Amino acid sequence: MQRIDAHYHMTRTARFVRYENLEDMLEYKKQAGLSAICVHNIVFWDTKRYLLNPLALLAKVKDPQGVYAFGGIVYPELEDQWKPHAYEKQAEELLKMGFDGIKILNKPSFKKEWQIPYCHENFDGFWGYLEEKQVPVMFHIGDPKEFWKLDRVPKAIYDLGWYYDKDCTPYAFFYEETEGILKKFPKLNLTIPHFYFLSDDLKRLDEFMQAYPQIRIDITPGSEMYYNFSICQDAARDFFLKYQDRILFGTDNYGSQTEGGREAQIQKGIKRIEDMEAFLSQEFPIFEGERLRGLALPENVQEKIQAKNFLNWIAGAPRKVDEAYMVQMTKELYERAKQKADSPDSLAEFEKALHEMQA
């Protein structure tokens, strides 16, 4: 069965980006037996993530038929977030360079710093352009509701700092914000990952999917998702069958965080794929070491979820990279990183990437 990982990251969000993360990704794709992979880039304003877009384009150059990439917008500095910004122009430029879509992260852990809502008028030109051109957008929205309840946050999540007290943006706000966007731009070509964090409220998600029939979701695991599916096995299976053409397969796998950690990270990623496939195909699979109640979906539905739905969404083969434009962007970001001088280790990684691009 063809397999496409439609939700991969070079590195964990907020971590430093290394040139080796590109090599990690290509080796992971090979060992996992993936026919294609789609890497998502989250840049924000952070210098240590400036290299994400260049590395993703370079990966496409190295594997032009097997790598898709969603570009990340470089945001203004935090003190300028409420000023008009060239979001639309950036999106247009990223697509001209050869990106296949745009990635946006709307995660509560960033809301204390990035407070301007995405339904603000400053983003209207951006959303309008994406809607008009029907650009594929992977739009992470919110987090599991458990993350707002300290007594229910898994330890691994707590250690990452992904828990939210009364001073953080409320859970409900993210859904209100999304409705605010879709009221203005109802035909956006979105995939919302992690089942829109509504795996425990399939009725609400069903109503949303009916209201916006062009929107897709993915089954990239959250800490709660597959356990919620297991609890309501019959309802979850019915939901997957009903929306079998609008559900994508993704892992949230990522490259190694330290030198020498590549192989262990790859094997961890492969195990995640195996657990997810078992959940889709078996009635009582082992998922992350626990026996759950799986979906036992028909093979043709599994084929749609694991590859066909992504290919239908993306409308074909990966876009060709404009290599001259790629080098120009990389040099501009390199100079910007030097001027900001807040991530000196990034400079050596930029130099490795530029050397490889111009070899």
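Remarks
- Complete set of residues in region 336-359 that are within 11 Å of Thr47 (Cα to Cα) and among the acidic types (Asp, Glu): Asp342, Asp345
- Condition met for Lys184 (within 24 Å of Pro170 (Cα to Cα), open to solvent by 50 Å² or more (accessible area, probe 1.4 Å) and touching a residue at least 40 places away in the same chain (Cβ under 8 Å)): yes
- Yes/no for Gly294 being farther than 16 Å from His7 by Cα, in a loop (DSSP other than H, G, I, E, B) and touching a helix residue (DSSP H, G or I) at 6+ places or on another chain (Cβ under 7 Å): yes
- Subset of region 41-71 [more than 22 Å from Gly316 (Cα to Cα), open to solvent by less than 10 Å² (accessible area, probe 1.4 Å) and assigned to a loop (DSSP other than H, G, I, E, B)]: Val43, Tyr50, Leu51
- Just one residue in the set Glu23, Glu92 is without any contact (Cβ under 8 Å) to a residue 60 or more places away in the chain and closer than 24 Å to Val327 by Cβ; that residue is Glu92.
- When residues in region 309-334 are screened for being among the charged types (D, E, K, R), open to solvent by 80 Å² or more (accessible area, probe 1.4 Å) and assigned to a loop (DSSP other than H, G, I, E, B), 2 of them pass.
- Inside region 266-291, residues that are of a type outside the set (Asp, Glu) and open to solvent by less than 40 Å² (accessible area, probe 1.4 Å) make up a count of 10.
- Among (1) loosely packed, with under 14 Cβ neighbours inside 10 Å; (2) modelled with pLDDT of 95 or more - the single one Gln244 does not satisfy: (1)
- Subset of region 338-347 (residues that are open to solvent by less than 90 Å² (accessible area, probe 1.4 Å) and within 25 Å of Lys62 (Cα to Cα)): Ser346, Leu347
- Single match in Ala315, Ala337 (criterion: small (Gly, Ala, Ser) and under 29 Å from Ile219 (Cβ atoms)): Ala315
- Of the numbered criteria (1) in contact with a strand residue (DSSP E or B) (Cβ under 7 Å, 6 or more places away or on another chain); (2) open to solvent by 10 Å² or more (accessible area, probe 1.4 Å), the one Phe174 fails is (2).
- Every residue from region 39-66 that is out of contact with any strand residue (DSSP E or B) (no Cβ under 6 Å at 6 or more places or on another chain) and farther than 21 Å from Ser109 by Cβ: Leu51, Pro54, Leu55, Leu57, Leu58, Val61, Lys62, Asp63, Pro64, Gln65
- Residue in region 72-88 that is farthest from the chain's Cα centre (by Cα), counting only those that are hydrophobic (A, V, I, L, M, F, W, C) and in a loop (DSSP other than H, G, I, E, B): Trp82
- Glu179 meets all of the listed conditions (1) on the phi < 0 side of the Ramachandran plot; (2) in contact with a helix residue (DSSP H, G or I) (Cβ under 8 Å, 6 or more places away or on another chain); (3) open to solvent by 20 Å² or more (accessible area, probe 1.4 Å); (4) not hydrophobic (A, V, I, L, M, F, W, C) but one, namely (2).
- Criterion violated by Met276 - all others in (1) under 20 Å from the mean Cα position of the chain (by Cα); (2) farther than 20 Å from Leu198 by Cβ satisfied: (2)
- In region 153-209, the residue that is farthest from Asp238 (Cα to Cα) out of those that are at pLDDT below 85 and part of a loop (DSSP other than H, G, I, E, B) is Asp167.
- Scanning region 97-124 for residues that are of a type in the set (Asp, Glu), within 15 Å of Tyr87 (Cα to Cα) and either touching a residue at least 24 places away in the same chain (Cβ under 8 Å) or assigned to a loop (DSSP other than H, G, I, E, B) (or both) yields a total of 1.
- Taking region 132-152 as the range and being part of a loop (DSSP other than H, G, I, E, B), over 27 Å from Asp100 (Cβ atoms) and open to solvent by 50 Å² or more (accessible area, probe 1.4 Å) as the test, the residues that pass are Lys149, Leu150, Asp151, Arg152.
The values are calculated or read from the model by the stated rules, or taken from the named source; none is laboratory data. Since the model is a prediction, treat every value here as computed from it, not as a measurement. Using ideal geometry, Cβ is built from the backbone for each residue, glycine included, and neighbour counts are taken over all protein chains shown. Note: accessible area is taken over every heavy atom of the protein model, side chains too, but ligands, DNA and RNA are not part of it. Shrake-Rupley method; radii C 1.70, N 1.55, O 1.52, S 1.80 Å.
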